[in-house]
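Read the structure below first, then the notes.
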Amino acid sequence: MKKIILVLMCVGLLQAKIYRSSLAYFDNGGNKDKELLALLQKDDYYISGNVYLQDKKDIKVQKKIFSEPDNPIDIENLPEILVPQWDKTLPMFIKSAKVFNNPVSAYQGLFIINSFYGKQSKTKEFKELATVLYNNEKNICMSHIFYGEIFEKGYNTKVDKQKALSIYLEADKSMICKGWESSVLGGRIYKLQRELK
Amino acid sequence: MSIYFKKLISLFLIVIIIPTQIFAKNNISHEIEIENTLHIFSGWEGKCVSGKKWDSSYMSDPMTIMSYAMMAYNSYTQVNGTSLADEYGAWSEGVSEGAAASGSTGQAMTNASSSSSSAFSNSNGDFLGITKMDIFIVRTAMVLAAPEESDYDLADRLMKGYLGQGDDTAAQAYNTCMASIGLSFPNMLGWSMDENSTSENLKAPYEHPLRMTTEQLASIATVFGEDYVIENYMYNTEDNILLNVIALNGHSYIKAGEVICAGIKVSKAMAHKNSKSNSASGGGKGMAIAMMAVSMICPVCGFVLKVVMDLYSNMLASINTCDNEQDAMEHSMLHYKTHKFLSHDQCHLADTYCDKESSWLGCVRKGYDYCCYDQVTTKIFAEGLKAQLNKNWDSCVDITVNDLKDISFRSCREGEIAHINKCFPMGKYDEFQKALFKQATKGISIEGLTEQVINSMAIDTDHKKKEK
C-alpha cells in the first residue's frame, strides 16, 4: 500500500512539473518518455522560463495592437494589454535547449519567437531551437515545419529549398500533421514544388 | 391681455414675414404676384407608422428563394440518407475536372486592375477565378454551420492569446499556425504600421498559396459575401482533399489564414466579434446561434424555424416609428425626422389611414400623416389660421400672404366658430401664448435658432430628393 502511495506521489510530482504552457508540446505529439519527464524536473532553465512565464507580478503593460490599414483602430482608447515577460523567459528556454538539449524548451522558445518576436529578428536563435527540436522529436509536425523553414528561408544558413522540401515531405509521409498543420505543410510543399519545377 | 397678444403676434410677423417680403421685393420683378402667393407658416409632410412590419419584399429576393430551396433540399437529403457532404465531393470533383480541362490557360482574373495580381496571373496561369456557382452550394450549406456559444468563448481565448495573454493549448496552436503562414502578431503590427517590416506572405500574398477546403473558402463568403471571395481569391486543385488558394491582397490573406487556423465556426465568431455592427445586437446573435444549433440537430426543423423566423422578423414583428426612435431610424430618414419633431410637439396630425392591409387580418399597420413645423409656435399659429380660413390638412403649405388679409387676431368668444365669426380659435390662442411664454422663459439662443433653420433646410432637401 505504501509503495502504491509512493508511486502515485512520484507520478503526481512528475506531472506537476509539466507546466501548463508546456502542454502543447505533448498535445501535439511530443513523446512523454521517462527521460524527458526526468529532465523537466532537473532542468532549472526550463523551470525558470516557465516561472517567468506565469509570474504576474512584473508583467509588462503594452498598448500596442495591430490595426488593419483600411480599418484603423484607435490605439489610445484601447484597454491595456498585459503580456508575459518574454525578455526574461526566452533566454531561459534558449539556455535550456543548449545546455540540456531540452526539446520542450526548444518548442516553447520557438513559440515565443514565432508568435511574439518575429522570426526575422531572431534567426540565429530560431535556427538553434528548431535544430534541437527536430533532432529530439520528429513526432511533432511543427518540428518539421520549423526545421524546414531554416533552409527554405535561409535562417543563419544558406537557402536550400530542396532540403527544405525533403524535410516537409518527410512530415507529409509520416502523416503526423493534422488539421491546420497539414494545411500549412501542404502550402509549403506546394509552393516549393512549383518553385523547383 | 388681447392687446398684449396682438403685440406678440406683431413681433412674430416682424420676425417671420417682413424679412421674407423684403427678400422677395429685392430679388424678383413680379413682386406683387409673388407676395400674394407666398407661402407662409409652411410645414413639411411627416409620416409615421404603427402596427406590424408586414414587409413581404424579402420573399421576392432571389437569394432568399435560393437559400430556402437549398435548405429544403438539404433537409430532404438528410432525411433520405444523403448529405450535402456528398454535394461538396461532387462539387470538388467538378472543380478538379474544370481545372484539368482549362489546363494552363486559366481564367481571366476578376480584378485585373491590380498590377501585382496581374503579374501573378501571368506567371501562375493555372489558377482560376472563382465564380458564383463555385461557391453557391457550399456557401448556402455554410449558413447552417453558424458558431455556437462555445465557439464565441474559444474565439475570445484565441484573440487574447494572439496578443500574448493566456497560454492554453488552443491559443498556442492558433498562434503557431498564424505565425507559420506569416500572420504573427509582429507581422500584423508591421503590416498595419509599415508594410516593409511585415512578412513576405503579407507583402506578396499571391506568391504564398494556402491549402484550404472548399468549405473553408466558402465560409469566408458567408461572412464577407460572395463578391468578396470572387474578387479576392483564385484557386486550383490537384487533389480532391484541399484547394490551393491564393489571396490577391493582404486583407484577404489574413481572412483565409484565420479560417485555416481557427476553423470555420471560430473564425466566424471572431469576425462577428470584430464587427462593430454586432457589438450592439447580443439578442440577435443568441437567436442566430439557437437557430443554427437546431438546424444541425434537425435540418427539417431548422428549415421550418428559418422560415418562421424570417416571417416573424419581416412580417409579424411590431413597428412603431411614431414613438420608437430605433424603429424610426431603421425605417427611413423621413420617419426619423417625424419622430423627432413629434417628440417636441411640432407636428399636427393631418390624416390617419391603413398603411398595410391583410385580406385575412384586416388592417395590420396604421399610417399617420403629419404637418410638421420647425417651431411649436409656427405649428400653433398655422393650426389657428387654418381653422379661421376653413382650410383642411391636405396640404402643409397652403397659407399665403394673401390669406392674411382676411385674418383677425381677435380671440373667439364662447360659442363662436373661427371661420364663420373670423376669430382666432380660443384654444389655439391660449396655446400660442403658453408656447411663446415657454420659449421666452427658456431663452432662445442664436444656436437654437440656427439649428432650427438647418433642420428646416434639411427637410426641404429631403423633400426635393423625394420629388425627383
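Some values worked out for this structure:
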| read-out | value |
| --- | --- |
| Residue satisfying condition, being within 14 Å of chain A (Cβ to nearest Cβ), at pLDDT below 75 and under 30 Å from A:Gly148 (Cα atoms), within set B:Met193, B:Met159 | B:Met193 |
| Subset tally (residues that are of a type in the set (Phe, Trp, Tyr), touching a residue at least 40 places away in the same chain (Cβ under 8 Å) and surrounded by fewer than 21 Cβ atoms within 10 Å (Cβ to Cβ)) for segment A:98-133 | 1 |
| Residue match in segment A:134-141 (condition: within 11 Å of another protein chain (Cβ to nearest Cβ) and either farther than 23 Å from B:Ala204 by Cα or loosely packed, with under 14 Cβ neighbours inside 10 Å (or both)) | yes |
| Tabulated pairs, segment B:178-190, first more than 7 Å from chain A (Cβ to nearest Cβ) and closer than 16 Å to A:Ile145 by Cβ, second at pLDDT 85 or above and not in a helix (DSSP H, G or I), C-beta under 8 angstrom, 6+ apart or interchain | B:Met178/B:Ser184; B:Gly182/B:Ser199; B:Gly182/B:His208; B:Leu183/B:Ser199 |
| Answer from A:Ile145, A:Ile176 - the residue that is within 28 Å of A:Pro84 (Cα to Cα) and of a type in the set (Val, Ile, Thr) | A:Ile145 |
| Selection from segment A:20-38 of residues that are more than 9 Å from chain B (Cβ to nearest Cβ) and part of a loop (DSSP other than H, G, I, E, B) | A:Gly29, A:Gly30, A:Asn31, A:Lys32, A:Asp33 |
| Single unsatisfied condition, A:Arg194 versus (1) in contact with a helix residue (DSSP H, G or I) (Cβ under 9 Å, 6 or more places away or on another chain); (2) at pLDDT below 95; (3) part of a helix (DSSP H, G or I) | (1) |
| Helices (runs of 4 or more DSSP H) contained entirely in segment B:292-405, each with at least 3 residues that are over 30 Å from B:Tyr152 (Cβ atoms) and out of contact with any Pro (no Cβ under 6 Å at 6 or more places or on another chain) | B:333-343, B:376-389 |
| Scope segment B:165-177; condition at pLDDT below 75 and either assigned to a helix (DSSP H, G or I) or facing another protein chain (nearest Cβ under 7 Å) (or both); matching residues | B:Gln165, B:Asp167 |
| Residues (surrounded by fewer than 24 Cβ atoms within 10 Å (Cβ to Cβ), part of a helix (DSSP H, G or I) and hydrophobic (A, V, I, L, M, F, W, C)) located in segment B:222-243 | B:Val223, B:Phe224, B:Ile230 |
| Filter result (in a helix (DSSP H, G or I) and either within 12 Å of chain B (Cβ to nearest Cβ) or at pLDDT below 50 (or both)) within segment A:53-98 | A:Leu53, A:Gln54, A:Ile75, A:Trp86, A:Thr89 |
| Flag if A:Gln108 is polar (S, T, N, Q) and assigned by TED's automatic domain parsing to the domain that holds A:Ser48 | yes |
| Restricting segment A:162-194 to residues that are within 15 Å of A:Glu152 (Cα to Cα), without any contact (Cβ under 8 Å) to a residue 24 or more places away in the chain and within 11 Å of another protein chain (Cβ to nearest Cβ), the residue that is surrounded by the fewest Cβ atoms within 10 Å (Cβ to Cβ) | A:Arg194 |
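So that you can scan it fast, the table gives a plain yes or no per residue for (1) assigned by TED's automatic domain parsing to the domain that holds B:Trp44; (2) modelled with pLDDT under 75:
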{"position": "B:His272", "(1), (2)": "no, yes"}
{"position": "B:Ser275", "(1), (2)": "no, yes"}
{"position": "B:Gly282", "(1), (2)": "no, yes"}
{"position": "B:Met292", "(1), (2)": "no, yes"}
{"position": "B:Val307", "(1), (2)": "no, no"}
{"position": "B:Asn324", "(1), (2)": "yes, no"}
{"position": "B:Ala328", "(1), (2)": "yes, no"}
{"position": "B:Thr338", "(1), (2)": "yes, no"}
{"position": "B:Asp345", "(1), (2)": "yes, no"}
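The values are calculated or read from the model by the stated rules, or taken from the named source; none is laboratory data. Here the structure is a predicted model, which is why all the values come from computation and not from measurement. Because the Cβ atoms are built from the backbone with ideal geometry, glycine has one as well, and the counts that use them run over all protein chains shown.
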